[in-house]
Amino acid sequence: MKVYFLSSQPCALTINDAYFGLTDRFERFADISLKDRMFVRFTPEGALPISFFLTENIRFTPPSGCEIYLLPDGLAIYARDFPPSDLSLQVLLQKRFDEGTLTIFRQGALQLSLETREGFFVATLPPSFSDCEAFCESGLFFLKSPDSLAVYTQKGECVLQEKVLSHRVENGVLSAVLPLSDSLGRVADCEWSLSESGVERTKFSLSQARTKNGESEREKIKDELLPFAFFESVLIGANYREMLSDELAPDYDKIGAYLGDFCAVTLTDDTNTCGLVRKKGDRLFEVAYFTVKTEHGKICDIRG
């Protein structure tokens, strides 16, 4: 079967101690039989490796530090949480706001502590936030690294964590440009309304980078990413009625039930087909693929 390998930070991947290549957030794959019990190791820089035997059991119990995604043609292994190699305490950032005190420190893993009127809370952060700035807006704590943004409530709950190209906060609204995981420079323009209890996404649109007269511009995407925009709209509860053909519009209220519950949307090589990610258990997910048919810039059929 096809086994895809990804990691939250660049890693050297070895299989049975043979070097397979570098991994990151763009998948690499190999045809592997789980019956062969191959030994897999992800080795990052500045942390301890994640290693395990690749067996049939991985379909039910993800290895420590990994997320497993079950696919129709195989599975994907995402090495996410690497054991730290240094357990000494280092305070990297501390700020006091009217809402409370925020501290980012490293003691093994990178961690965030919040001391607010709601109590004292500690959360683990991705390595990308080791160099970041912090600010408060609408009663929420914001962390901004060179390529990521995270938002926490005064109860220490993470209500947003995304890779971002740019962002701004104005009048209780967060606007951000998110890169999509493909090679064509496609991005998502999103907006969230802010309140002390969290964030709610209110806008999602797509555009694509292009070069004109030597300068980079973005143009609106039309038909080629309509399927992705449609599934994202279903996910966030946005009104997608205008994306449907006249024939499909009467089934608007039935579409959500047909697609089922899912927590994320992934692109595929076919722009008309997207993967809907469903949570099956702790660090275990299943990806179901749906294909749409479009005519005259509208979706006229959905097949799973």
Give the residue, chosen from ASP261, ASP246, that is within 25 Å of VAL199 (Cβ to Cβ), part of a loop (DSSP other than H, G, I, E, B) and either in contact with a Ser or Thr (Cβ under 7 Å, 6 or more places away or on another chain) or open to solvent by 30 Å² or more (accessible area, probe 1.4 Å) (or both). ASP261
Any chance you could count how many residues in the range 82-104 are of a type outside the set (Gly, Ala, Ser) and surrounded by 17 or more Cβ atoms within 10 Å (Cβ to Cβ)? 5
Can PHE142 be described as within 26 Å of SER7 (Cβ to Cβ), modelled with pLDDT of 85 or more and either among the aromatic types (Phe, Trp, Tyr) or in contact with a Pro (Cβ under 7 Å, 6 or more places away or on another chain) (or both)? no
Identify, please: which residue in the range 123-139 is open to solvent by 40 Å² or more (accessible area, probe 1.4 Å) and assigned to a strand (DSSP E or B) and is, among those, modelled with the lowest pLDDT? THR124
When the residues of the range 81-122 are narrowed to those that are part of a loop (DSSP other than H, G, I, E, B) and hydroxyl-bearing (Ser, Thr, Tyr), which ends up modelled with the lowest pLDDT? SER85
Quick one: in the range 264-304, of everything that is acidic (Asp, Glu) and over 22 Å from ARG80 (Cβ atoms), which residue is surrounded by the fewest Cβ atoms within 10 Å (Cβ to Cβ)? ASP269
Surrounded by 19 or more Cβ atoms within 10 Å (Cβ to Cβ) and part of a strand (DSSP E or B): does that describe LEU22? no
Of everything in the range 279-300, what is within 13 Å of GLU67 (Cβ to Cβ), assigned to a strand (DSSP E or B) and not small (Gly, Ala, Ser)? Give them in sequence order. LYS279, LYS280, LEU284, PHE285, GLU286, VAL287
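The values are calculated or read from the model by the stated rules, or taken from the named source; none is laboratory data. This one's a predicted model, so the numbers in the text were calculated from it and none came from an experiment. We place every Cβ from the backbone using ideal geometry, glycine too, and count neighbours over all the protein chains shown. Just the protein is used for accessible areas: all its heavy atoms, side chains included, with ligands, DNA and RNA removed. Shrake-Rupley method; radii C 1.70, N 1.55, O 1.52, S 1.80 Å.
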